[in-house]
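The structure's right below; bear with me while I get my questions together.
The values are calculated or read from the model by the stated rules, or taken from the named source; none is laboratory data. Source: prediction; values computed, not measured. FYI the Cβ positions are ideal-geometry reconstructions off the backbone, even for glycines, and counts take in every protein chain you see.
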Amino acid sequence: MKSKFSKILSVLLTLTLLTGTYTLTGCSSVKGEAKVTRIMEQMSLDEKISQMIIPAIRTWNEENVTDLSAVPQLREALRRHQYGGIILFGSNITGNEQVTRLLHDLQDNNSQIEGVATHIPYLTPVDEEGGIVIRLTSGTRMTGNMAIGATTDSVKNAEETGRILGEELAALGFNADFAPDIDVNNNPSNPVIGTRSFSDDPDLVSKLGKAYAKGLSENNIIATYKHFPGHGDTSVDSHIGTPSVEKTYDEIKKTELVPFEAAIKDGAEMIMTAHITYPLIDEPKTFGDGVTQGFFPATMSKKIITDILRTDMGYDGVVVTDALEMDAIDDAGLVPGAKGSAEYSINIATEVINSGVDILLLPMDLKNAQAATFYDDYIAGIGAKVTSGEISQDRIDESVQRILTLKAKHGMLDDSDAANSDIEKNVSDSISIVGSKNHHDAEMNMARQAITVVKNDDNALPVSNETKNIFILGRQNADATTLQFAVDELKKGSFIAPDATINIDYYYDSSADVKLHYTDDMKDKISASDVVIGFSYASGNGALDKSGPQYIGITSAINDIHAAGGKFILVSENLPYDAAIYKDADAIVLAYMGSALGTDPTDKTDSGSGLKATNANIVAAIETVFGSNKAQGHLPVNVPDVTENSDGTLSYSSTYLYERGFGITD
């Protein structure tokens, strides 16, 4: 009897606990919704529109903004409207303590705005993808997405990357990251995505994007999946032009949309649009001159944002534009009004808002008093469009509700908001966390896993520690900083003989009238060497240019070392597609990131407690060349063959020289 009673009591207690947990969770959600509703009921139209805008503050009167207290005019300009957020760029960031205080001061200044219904903290996003796109030069760069895709344990590494970057961003005071990039890089000529993509396999991109976002979320950092509906199959950079993707809706469902579909099912909170046209999907528009017919970028397309993203794909989270200052929007004459005018920007905003987008990112840099006046006119102009009915009040309310709901979910509407945080503790945390040894060790370990070997004729790899004459041919003069560091470390480990002659030089001088730097002295030293290790960089179609300094420099070095009986090892710094250009190389090693070779890997952060954002991939690649690291990586993309056309130019072919998944391992 007692046993039966105990069992009944146990069941009742379990049900009570489960019910209590459900009630508390539901109660929390209801309270958040009630708070959002209460706030919105009190907000003016100006306040609602302002919540939908995120400006940048790169400079004020041509001086970088790094200390808000030093720019009282900017403080006042920011208090004229309660913006939804502020985005920081590299010009705003000089060190860990500095940016921690800047973010705190921005939130504090925002909390002092007068005449608003309630004080709503900023979203503080930043472009911290890792790899070639970072803003925290004092933080941990990480390997970049394509390098993650090359690792065997890529899901674990994607999550760890998100966790490390998220931990650093949270320590500094950021609350959102414009990452991960889940574009499917299925065009080797893409000049802007490249190694920012995990792979050309949409399923792999889906898995790694979700894992990366999970890592960010562990630190309460809002992930932003980008660039919807896909920027991977373009050959134009939307920062300087308007790319167009000639694919049908059915076609992008099989590739570009796959990662976004997976992200939405996984609970995506924010998605960024792409300034790309889709002529086979969208409807033609008449541009601002009243004559030109064309297609609006996805950012301004109701067909793509409302019909596809929101209706077909069922997404009801926040949608943010890519920067509206980019040429694909700002310089395209899409709507009436002169470039740079409030009229043009207001008309752009009208199309963007009516398409179903929630946040207008960076219509103009808030850089001086004129820009502050622009924002006064911009917000008033959007308000006038609402009053006239060109934008519905419901459309504004939908966006504001999504934005505030997101802020509430992440605790930004709690009474203990960011402006009241303990700044000295925040500074202390940022100093100990950002660029820490643990983070850099994890980065280095990941880089070593990513290095991929696709060719190794006659056992050119690893280079023997008995080799006496070695020539390292970098791209630019500054590359010697990282290259020399790697060599010195390998000498310590006896992977390079202490008496070996090592010459480090470069073939590209960007500051000179004649860009090619391949002197007679270099030619003689190369011919006297046993092995040459040359570095190439592929992005867009630039690597295919036979008249360019890279092609001439590397092919000259290959010919000269081979004529002398030595070997040439190619290290592909960035995109792996150049592996098909230099087929005469004896060995080919892929590193997947060509940034920051000029940053000394021993440089400390401003506090002296951590290291700056350096390039671990190149160090790991050199370690692999000399046998200190064993190649473990596999291609995350297909590498098309390169053929010579009848006019002598080079182009990527439709057949693959190296297929995704290939990699020579020990």
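Against the condition over 14 Å from the mean Cα position of the chain (by Cα), part of a helix (DSSP H, G or I), modelled with pLDDT of 95 or more and at negative phi, how does ALA158 come out, does it pass?
Numbers: over 14 Å from the mean Cα position of the chain (by Cα): no; part of a helix (DSSP H, G or I): yes; modelled with pLDDT of 95 or more: yes; at negative phi: yes.
When the stated conditions are applied, ALA158 does not pass them.
For the stretch 194-236, name all the residues that are farther than 16 Å from ALA150 by Cβ and among the β-branched types (Val, Ile, Thr).
ILE221, ILE222, THR224, THR234, VAL236
Test ASP586 against the stated conditions and say whether it is touching a strand residue (DSSP E or B) at 6+ places or on another chain (Cβ under 9 Å), acidic (Asp, Glu) and either farther than 30 Å from TYR656 by Cβ or not assigned by TED's automatic domain parsing to the domain that holds LEU483 (or both). Write out each step before concluding.
Working: touching a strand residue (DSSP E or B) at 6+ places or on another chain (Cβ under 9 Å): yes; acidic (Asp, Glu): yes; either farther than 30 Å from TYR656 by Cβ or not assigned by TED's automatic domain parsing to the domain that holds LEU483 (or both): no.
Taking the combined requirement at face value, the residue does not satisfy it.
Report yes if some residue within the stretch 221-239 is surrounded by fewer than 19 Cβ atoms within 10 Å (Cβ to Cβ) and closer than 15 Å to VAL637 by Cα; otherwise report no.
No, the stretch 221-239 contains no residue that is surrounded by fewer than 19 Cβ atoms within 10 Å (Cβ to Cβ) and closer than 15 Å to VAL637 by Cα.
Next up: Test each condition in (1) within 29 Å of GLY356 (Cα to Cα); (2) hydroxyl-bearing (Ser, Thr, Tyr); (3) in contact with a helix residue (DSSP H, G or I) (Cβ under 7 Å, 6 or more places away or on another chain); (4) part of a loop (DSSP other than H, G, I, E, B) for THR140 and report the one that comes out false.
Here THR140 meets the rest and fails (1).
Go through (1) out of contact with any Pro (no Cβ under 8 Å at 6 or more places or on another chain); (2) modelled with pLDDT of 95 or more for ALA298 and report which single condition fails.
Status for ALA298: all satisfied but (1).
Just the residues that are touching a Phe, Trp or Tyr at 6+ places or on another chain (Cβ under 9 Å), of a type in the set (Ser, Thr, Tyr) and within 20 Å of ASN477 (Cβ to Cβ), please, taken from the stretch 573-608. It would help to see each step written out before you state the result.
Of the residues in the stretch 573-608, the ones touching a Phe, Trp or Tyr at 6+ places or on another chain (Cβ under 9 Å) are 573-582, 584-588, 591, 594, 597, 600-602.
Now drop any that are not of a type in the set (Ser, Thr, Tyr), which leaves 577, 582, 602.
Result: THR602, single match.
Yes/no matrix, rows are residues, columns are (1) closer than 30 Å to HIS410 by Cβ; (2) among the β-branched types (Val, Ile, Thr); (3) not in a loop (DSSP other than H, G, I, E, B):
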{"site": "GLU251", "(1), (2), (3)": "no, no, yes"}
{"site": "PRO259", "(1), (2), (3)": "yes, no, yes"}
{"site": "ASP289", "(1), (2), (3)": "no, no, no"}
{"site": "GLY314", "(1), (2), (3)": "yes, no, no"}
{"site": "VAL335", "(1), (2), (3)": "no, yes, no"}
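On the basis of being farther than 19 Å from MET146 by Cβ, among the aliphatic types (A, V, I, L, M) and within 27 Å of the chain's Cα centre (by Cα), does LEU611 make the cut? It would help to see each step written out before you state the result.
On the way: farther than 19 Å from MET146 by Cβ: yes; among the aliphatic types (A, V, I, L, M): yes; within 27 Å of the chain's Cα centre (by Cα): yes.
When the stated conditions are applied, LEU611 passes them.
Kindly evaluate HIS104 against the criterion of being surrounded by fewer than 17 Cβ atoms within 10 Å (Cβ to Cβ) and touching a residue at least 60 places away in the same chain (Cβ under 8 Å).
Considered against the rule, which asks whether it is surrounded by fewer than 17 Cβ atoms within 10 Å (Cβ to Cβ) and touching a residue at least 60 places away in the same chain (Cβ under 8 Å), HIS104 comes out as no.
Output the residues belonging to the stretch 142-198 that are aromatic (Phe, Trp, Tyr) and under 18 Å from THR124 (Cβ atoms). Step through it out loud before you land on a result.
At the first step, the residues of the stretch 142-198 found to be aromatic (Phe, Trp, Tyr) are 174, 178, 198.
Scanning the stretch 142-198 gives PHE174, PHE178.
Right, another one. Mind checking which residues of the stretch 324-338 are over 17 Å from VAL291 (Cβ atoms) and either of a type outside the set (Gly, Ala, Ser) or loosely packed, with under 15 Cβ neighbours inside 10 Å (or both)? Spell out how you get there, then give the answer.
The initial filter retains those residues of the stretch 324-338 that are over 17 Å from VAL291 (Cβ atoms), namely 324-331.
Once the filter is applied, which keeps residues that are over 17 Å from VAL291 (Cβ atoms) and either of a type outside the set (Gly, Ala, Ser) or loosely packed, with under 15 Cβ neighbours inside 10 Å (or both), the stretch 324-338 yields LEU324, GLU325, MET326, ASP327, ILE329, ASP330, ASP331.
Look through THR37, THR14, THR23 and report the one residue that is of a type in the set (S, T, N, Q), farther than 19 Å from ALA372 by Cβ and at pLDDT 95 or above.
Working: THR14 fails: at pLDDT 95 or above; THR23 fails: at pLDDT 95 or above.
Only one candidate passes the filter, namely THR37.
Would you list the strands (runs of 3 or more DSSP E) that sit entirely within the stretch 496-587 and hold 1 or more residues that are over 24 Å from THR481 (Cβ atoms)?
Details: elements: 501-506, 531-536, 567-572.
Once the strands (runs of 3 or more DSSP E) in the stretch 496-587 are filtered for at least 1 residues that are over 24 Å from THR481 (Cβ atoms), what remains is 567-572.
Hey, among the residues in the stretch 62-95 that are out of contact with any helix residue (DSSP H, G or I) (no Cβ under 8 Å at 6 or more places or on another chain), in a loop (DSSP other than H, G, I, E, B) and modelled with pLDDT of 95 or more, which one's farthest from SER436 (Cα to Cα)?
GLU62
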